[in-house]
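Undergrad: Provided herewith is a single structure, encoded as structure tokens, for subsequent inquiry.
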Amino acid sequence: MIKIAVYGKGGIGKSTTISNLSVALAKKGLKVMQIGCDPKADSTTNLHNGIEINTVLDLVREKKDDFTLEDMVVEGDNGILCVEAGGPTPGMGCAGRGIITALEKLEQKGAYETYKPDVVFYDVLGDVVCGGFSMPMRAGYADKIFIITSGEYMAIHAAANIATAIDNFKNRGYASLGGVILNKRNVKDEEEKVNEFIENIDSKLVGTLNRDEIVIQAEEMKKTVLEAFPDSDMAKEYECLAQSVLEACGYKTCEKEVSKC
Ligand code: ADP
Ligand code: MG
């Protein structure tokens, strides 16, 4: 099992990208679990046609501990196991604390042993890397972390904070940085700005995704690009990124696939 946390600024494209990576890996025959750790609770929307699922925090609020693993984990497209941590009632409670509760509940109820996923994705909001939001990179949750950014100032600012948090934990045997994914917004000198940031944090670029209207079209259909437009250029970009992410995690993929990308 490889556990991957993807961090980035809100709205940068984490959930869209991860959902497409999940589908790409599921289509290769891997069992994938995607855990949304964003109070917005929309990480897995496009994996189950937009139908809202119970969030772990809703379950805890309504049922205390009187719920099962199956109440938390919903099977989406291609057998992908979907979980949404959820968030506190607005104005009350702490979103970071909510993520800690959600991850603890998954573990207590044996999610990893029961489903035995090959790949687990944590989709984590990286605007504030407080104790709760840094939970997936600590205490044995994720093995590798990937940061998604564009060349926009605020996205790089958030990315730099995430890199600092990872660096602060590095001597404790926690997750290490797998690399950076550029999700383009087509701002001026975008690649130069992101490459400069990557050099500053001594990391590497794992992949680049172009900005493409087809992503929004798929979202309107409440589907991933891989499901809605499997033959598109964008679908191929996600497939190649999935392969690069696995390789950055030390997974070997076959040569035939490498030459396709
Ligand atoms: P996050 O999970 O980081 O908050 P989302 O995945 O919800 O962000 O993406 C925010 C918006 O950006 C969505 O409307 C999504 O369709 C759009 N988007 C993401 N990546 C791309 C892309 N490569 N091209 C075009 N639109 C994109
Ligand atoms: Mg999201």
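Undergrad: Restricting to DSSP H runs of at least four residues, report the calculated mean residue ellipticity at 222 nm for the chain, -39500 (n - 2.57) per run over all residues, nearest 500 deg cm²/dmol.
TA: Values: 11 runs with 107 residues, N = 261.
Result for the chain: -12000 deg cm²/dmol, rounded to the nearest 500.
Undergrad: Suppose we look only past 14 Å in the calculated P(r) of region 118-160. What percent of the Cα-Cα pairs does that tail hold?
TA: On the way: 462 of 903 pairs.
Counting pairs separated by more than 14 Å, the tail of P(r) holds 51 percent.
Undergrad: Another question, then. Under Stokes-Einstein, with the Kirkwood radius over Cα pairs standing in for Rh, what whole-number D in µm²/s applies to the chain at 20 °C and 1.002 mPa s?
TA: 117 µm²/s
Undergrad: For the chain, what is the accessible area per residue in Å² when the probe is 1.4 Å?
TA: Roughly 46 Å² per residue, with all protein chains present.
Undergrad: In what sequence, largest accessible area first, do 123, 189, 66 appear using a 1.4 Å probe?
TA: Descending order: 66, 189, 123.
Undergrad: Turning to a different aspect of this structure: Count the DSSP beta bridges whose two residues both fall in region 2-250, then state the antiparallel fraction as a percent rounded to the nearest 5.
TA: Within region 2-250, antiparallel bridges account for around 5 percent of the total.
Undergrad: Right, something else. With the chain treated as a Gaussian network of Cα nodes joined by springs under 10 Å, which of 201, 35, 181 yields the largest mean-square fluctuation?
TA: Comparing 201, 35, 181 in a Gaussian network model of the chain, the most mobile one is 201.
Undergrad: Also: In percent, what relative contact order does region 2-250 have, based on Cα pairs under 8 Å that are 6 or more apart in sequence?
TA: Rounded, it is 25 percent for region 2-250.
Undergrad: For region 103-255, just say rounded, prolate or oblate: build the C-alpha gyration tensor, square-root its eigenvalues into a ≥ b ≥ c, call rounded for a/c under 1.5, and beyond that prolate if a/b exceeds b/c, oblate if not. Present the calculation step by step, with values, prior to reporting the outcome.
TA: Details: a/c = 1.64, a/b = 1.14, b/c = 1.44.
Oblate, because a/c is 1.5 or more while a/b does not exceed b/c.
Undergrad: A follow-up question, please. Please report, as a whole percent, how much of the solvent-accessible surface of region 2-250 comes from carbon and sulfur atoms (probe radius 1.4 Å). Mind dumping the intermediate values first?
TA: Values: 4980 of 10720 Å².
Ligands and nucleic acids excluded, carbon and sulfur reach 46 percent.
The values are calculated or read from the model by the stated rules, or taken from the named source; none is laboratory data. On a predicted model such as this, the values are computed, not experimentally measured, just so you know. The protein model used for the area step is the full one, side chains on, heavy atoms only, and it has no ligands, DNA or RNA in it. Shrake-Rupley method; radii C 1.70, N 1.55, O 1.52, S 1.80 Å.
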